[in-house]
Structures are given as structure tokens and as C-alpha cells.
Amino acid sequence: MEQNLHKLFKPSSDNKESKLSSDIWNVIESKTTHMTKQKTLFYLSIGAMSLVGTIFSVKSLIEEFLRLGFFNYLSLIFSDIGVITTYWREYTLTLMDSLPVTSLIILFSLLFILFISIRRVSYKFRRKFSII
């Protein structure tokens, strides 16, 4: 796009009296860089907030796993597999009941937001520092 705009304004730049095309080009470039900086700052702040939220969410998730006894139910697999094979339906329902679903949903959504913001910021930096 930059090359097309540059080609468009190139013939009018030959006229030394009017520098309108270079002024327009400079305004377009400054607006583009300003928008890029704003987007990068936005994604960096969203990424930092989601990283902090992820840390607190992991802590809360571990506490809920311990409080609901998920690991105790999970350890039954290793202690008596015969009982588990007999009552596997009740066992899976008990495991599902002891899962902290809301904390898992919050954690995965925060991780998703974190990875999306990292991807967008890295794309902006790659695009900025690429040699064309």
C-alpha cells in the first residue's frame, strides 16, 4: 500500500512549488505510526493484565482443587483399580463434580487473551523491524 501511495504522489512531487503530496504522505505516515503505537500499547496492557490475572487464577484454581478434594478422588485410581472398574460411572461423576469448572474457564480464557495479545504484539514488532 505504501508503494502504491508513493507512486500516486510521485508525479506531483516533481513540481517544486507544491509540496502537497509529500505533506499528505507525511500525515498518512504519522497517523499510521500513531495508530500502530496505540494498538501495541493496548495489546501490551491487555497482555500484562491477563498475565497478572492468570497468576491469581492459577493460585485460586489450586486452592479449589484442594478444597473440593479432586486429588483425593484421583488418587483412588492408583490405590484400588478393581473398585474403579466396577463403579466407573459413579467415579467419573464424582470426579466431574469435584472439578472447579468456573476457575478452569476463567484460567483458560485469560490464557487465551494472553496468547492473542502476545501474538498481536509480536506481529507488530516483526512487521516494524522487518527489512523489505
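Can you find a residue in segment 70-83 that is closer than 25 Å to SER122 by Cβ and either at pLDDT 90 or above or surrounded by 12 or more Cβ atoms within 10 Å (Cβ to Cβ) (or both)?
The answer is no, given that none of the residues of segment 70-83 is closer than 25 Å to SER122 by Cβ and either at pLDDT 90 or above or surrounded by 12 or more Cβ atoms within 10 Å (Cβ to Cβ) (or both).
Give segment 18-36 a look and list any residue that's surrounded by 12 or more Cβ atoms within 10 Å (Cβ to Cβ) and in a helix (DSSP H, G or I), or say none.
LEU20, SER21, SER22, ILE24, TRP25, ILE28, GLU29, THR32, THR36
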In segment 51-101, what residues are of a type in the set (A, V, I, L, M), touching a helix residue (DSSP H, G or I) at 6+ places or on another chain (Cβ under 7 Å) and closer than 30 Å to SER117 by Cβ? LEU51, VAL58, LEU61, LEU99
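Can ILE46 be described as among the β-branched types (Val, Ile, Thr), loosely packed, with under 12 Cβ neighbours inside 10 Å, part of a helix (DSSP H, G or I) and modelled with pLDDT of 95 or more? Step through it out loud before you land on a result.
Numbers: among the β-branched types (Val, Ile, Thr): yes; loosely packed, with under 12 Cβ neighbours inside 10 Å: no; part of a helix (DSSP H, G or I): yes; modelled with pLDDT of 95 or more: yes.
Judged against the criteria, ILE46 is not a match.
Within segment 77-100, which residues are farther than 29 Å from LEU51 by Cα, part of a helix (DSSP H, G or I) and not hydrophobic (A, V, I, L, M, F, W, C)? Please lay out each step first, then the result.
First, the residues of segment 77-100 that are farther than 29 Å from LEU51 by Cα: 77-94.
With part of a helix (DSSP H, G or I) added as a condition, the list becomes 77-79, 81-86, 88-94.
Result: SER79, GLY82, THR85, THR86, ARG89, GLU90, TYR91, THR92, THR94.
Take SER117 and tell me if it is in contact with a helix residue (DSSP H, G or I) (Cβ under 8 Å, 6 or more places away or on another chain) and either acidic (Asp, Glu) or touching a residue at least 40 places away in the same chain (Cβ under 8 Å) (or both).
Details: in contact with a helix residue (DSSP H, G or I) (Cβ under 8 Å, 6 or more places away or on another chain): yes; either acidic (Asp, Glu) or touching a residue at least 40 places away in the same chain (Cβ under 8 Å) (or both): yes.
Criteria met by SER117.
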Checked SER117, SER103, SER122 against criteria (under 8 Å from the mean Cα position of the chain (by Cα), of a type in the set (S, T, N, Q) and either assigned to a helix (DSSP H, G or I) or at pLDDT 95 or above (or both)); the one match is SER117
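Okay, residues lined up against (1) closer than 30 Å to LEU104 by Cα; (2) at pLDDT 90 or above; (3) in contact with an Asp or Glu (Cβ under 9 Å, 6 or more places away or on another chain):
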site: ASP14; (1), (2), (3): no, no, no
site: GLU17; (1), (2), (3): no, no, no
site: HIS34; (1), (2), (3): no, yes, no
site: VAL58; (1), (2), (3): yes, yes, no
Against the definition (part of a helix (DSSP H, G or I), in contact (Cβ under 8 Å) with a residue 40 or more places away in the chain and surrounded by 11 or more Cβ atoms within 10 Å (Cβ to Cβ)), how does LEU110 come out, yes or no? yes
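The values are calculated or read from the model by the stated rules, or taken from the named source; none is laboratory data. Small disclaimer: the values here were computed from a predicted structure and weren't measured. Quick reminder, even Gly has a Cβ in these numbers, built from the backbone with ideal geometry, and neighbours come from all protein chains shown.
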